[in-house]
Amino acid sequence: MELTASKLRADIYRVLDHVLDTGEVVEIDRRGRRLRITADELPSRLAVLVRRPEAITGNPDELVDIEWSGEWTG
């Protein structure tokens, strides 16, 4: 993410929380030079996963016996 110093000043706490939560590096342009804000420790990969409640969990062999004819349209 790239920001100007003015944008950083306006949203400093939101930007810092974003860096800590995602591990994404934020770059700030200041007087023609670039500064970076990074997290010392990256969040775990599991912590940033998106929940997908529509995903099928369980034994894939059980899917073979499901009646799908009502789901299909011609």
Review point. Which of the trypsin sites (Lys or Arg not before Pro) found in the range 1-72 are in a DSSP loop and have at most 16 neighbouring Cβ atoms, other than their own, within 10 Å?
Key: 31, 45, 51
Point to revise | In degrees, nearest ten, helix 12-22 long axis to first principal axis of the chain (Cα) | key: 40
Check your understanding: What list of ³J(HN,Hα) values in whole Hz, one per residue of the range 29-34 in order, does the Karplus curve 6.51 cos²θ - 1.76 cosθ + 1.60 (θ = phi - 60°) give from phi, with Gly and Pro shown as x?
Key -> 8, 9, 6, x, 10, 10
Revision key, fill the gap. Fewest-first ordering of 50, 25, 15 by Cβ atoms within 10 Å yields 50, 25, 15
Review point. What does the helix-only formula give at 222 nm for the chain: each DSSP H stretch with n ≥ 4 adding -39500 (n - 2.57), the total divided by the residues, and the result rounded to the nearest 500 deg cm²/dmol?
Key: -6500 deg cm²/dmol
Review point. Rounded to the nearest 5, what is the percent of antiparallel bridges among the DSSP beta bridges in the chain?
Key: 60
Point to revise | Order of 57, 4 - criterion: other Cβ atoms within 10 Å of each residue's Cβ, fewest first | key: 57, 4
Practice item. Let me know the shape class of the chain, please: from the alpha-carbon gyration tensor, a ≥ b ≥ c as square roots of the eigenvalues, rounded when a/c is under 1.5, otherwise prolate if a/b is greater than b/c, or oblate. Key: prolate
Practice item. Take every DSSP beta bridge whose two residues both sit in the range 1-40, then give the antiparallel share in percent to the nearest 5. Key: 60
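Throughout, read-outs are computed from the coordinates displayed, never taken from laboratory work. These numbers come from a predicted model, not from an experiment. Note that we place each Cβ from the backbone using ideal geometry, even for glycine, and neighbour counts take in every protein chain shown.
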